[in-house]
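J.: The structure that follows is given in the form of structure tokens.
The values are calculated or read from the model by the stated rules, or taken from the named source; none is laboratory data. Predicted model only: the values in this text are computed from it and were never measured. Don't worry about glycine lacking a Cβ; one is built from the backbone with ideal geometry, like all the others, and counts go over all protein chains shown.
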Amino acid sequence: SQTIHQWPATLVQPVGSPLSLECTVEGTSNPNLYWYRQAAGRGLQLLFYSVGIGQISSEVPQNLSASRPQDRQFILSSKKLLLSDSGFYLCAAGTLTYEQYFGPGTRLTVT
Amino acid sequence: AQTVTQSQPEMSVQEAETVTLSCTYDTSESDYYLFWYKQPPSRQMILVIRQEAYKQQNATENRFSVNFQKAAKSFSLKISDSQLGDAAMYFCAYRSRRAGSYQLTFGKGTKLSVIP
């Protein structure tokens, strides 16, 4: 079975600072990878997905970007954080049987 | 575009009792998957159960079962013998099987409380 790792678990950053969140996957090859954001008490919003190395699709225009430098590594970045970027960020890996498995998440607070 | 609706923002159940969470969805497709995810206070999303639209038989996983009504576009989750550890947010999700479709569409969730 696959395992999804995310770090850091918690992050507090000032407005205007850069961001890098990392996600790595174990136990599977060539997964589809996803970044979601969840505001407090809300549902999940898909930000980016990737079907292969270097292939990124953006679902929501915003201050964030994603990259996939290796098959099982997915990075979420920003050059300058906004207050509205605060939230809970979840990485997920998709399987051939269509379900997605999620990592433990990163709680980001922008101050 | 597909939409998923969970009409019960909050529900509660007595420990050891049974509770049913509702989910409806809107789609013009005939081939898809439906899922229930659990999000405990730790906030990690955990897959509870999966249903393929082409299967008439309702999926079951231990104390969790679904009532899938394809014509009515309804997909409810039944939790039997509720336990304190079942307290969580529950999200219903839809996934198309159409080629090139990769994302899950989530409902807004139902917060389940379990009363000892």
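J.: Test A:SER78 against the stated conditions and say whether it is at pLDDT 95 or above and not aromatic (Phe, Trp, Tyr).
T.: yes
J.: Kindly establish whether A:PRO69 is free of Cβ contacts under 8 Å to residues at least 40 places away in the same chain and surrounded by fewer than 18 Cβ atoms within 10 Å (Cβ to Cβ).
T.: yes
J.: Moving on. If B:TYR25 satisfies all but one of (1) under 23 Å from A:ALA39 (Cβ atoms); (2) within 10 Å of the chain's Cα centre (by Cα), what's the number of the condition it fails?
T.: For B:TYR25, the exception is condition (2).
J.: Looking for something farther than 22 Å from A:PHE88 by Cβ and at pLDDT 95 or above - is there at least one such residue anywhere in the stretch B:36-46?
T.: no
J.: Now, a different point. Spot the failing condition for A:LEU46; the list is (1) free of Cβ contacts under 8 Å to residues at least 40 places away in the same chain; (2) closer than 22 Å to B:LYS38 by Cβ; (3) more than 11 Å from the chain's Cα centre (by Cα), and only one is missed.
T.: Of everything listed in (1) free of Cβ contacts under 8 Å to residues at least 40 places away in the same chain; (2) closer than 22 Å to B:LYS38 by Cβ; (3) more than 11 Å from the chain's Cα centre (by Cα), A:LEU46 misses just condition (3).
J.: Right, something else. Considering only residues of the stretch B:97-116 that are in contact (Cβ under 8 Å) with a residue 12 or more places away in the chain and within 9 Å of another protein chain (Cβ to nearest Cβ), which is farthest from B:ASP31 (Cα to Cα)?
T.: Residue satisfying both the conditions and the ranking: B:LYS111.
J.: A further question on this structure: Taking the condition of being within 12 Å of chain B (Cβ to nearest Cβ) and farther than 15 Å from B:GLN44 by Cα, how many residues in the stretch A:22-44 meet it?
T.: Qualifying residue count for the region: 3.
J.: Go through (1) loosely packed, with under 12 Cβ neighbours inside 10 Å; (2) at pLDDT 95 or above; (3) under 15 Å from the mean Cα position of the chain (by Cα) for A:VAL60 and report which single condition fails.
T.: For A:VAL60, the exception is condition (2).
J.: Looking only at the stretch A:73-97, filter to residues that are of a type outside the set (A, V, I, L, M, F, W, C), within 14 Å of chain B (Cβ to nearest Cβ) and surrounded by 19 or more Cβ atoms within 10 Å (Cβ to Cβ); which one of those is nearest to the chain's Cα centre (by Cα)?
T.: By that ranking, first place goes to A:TYR89.
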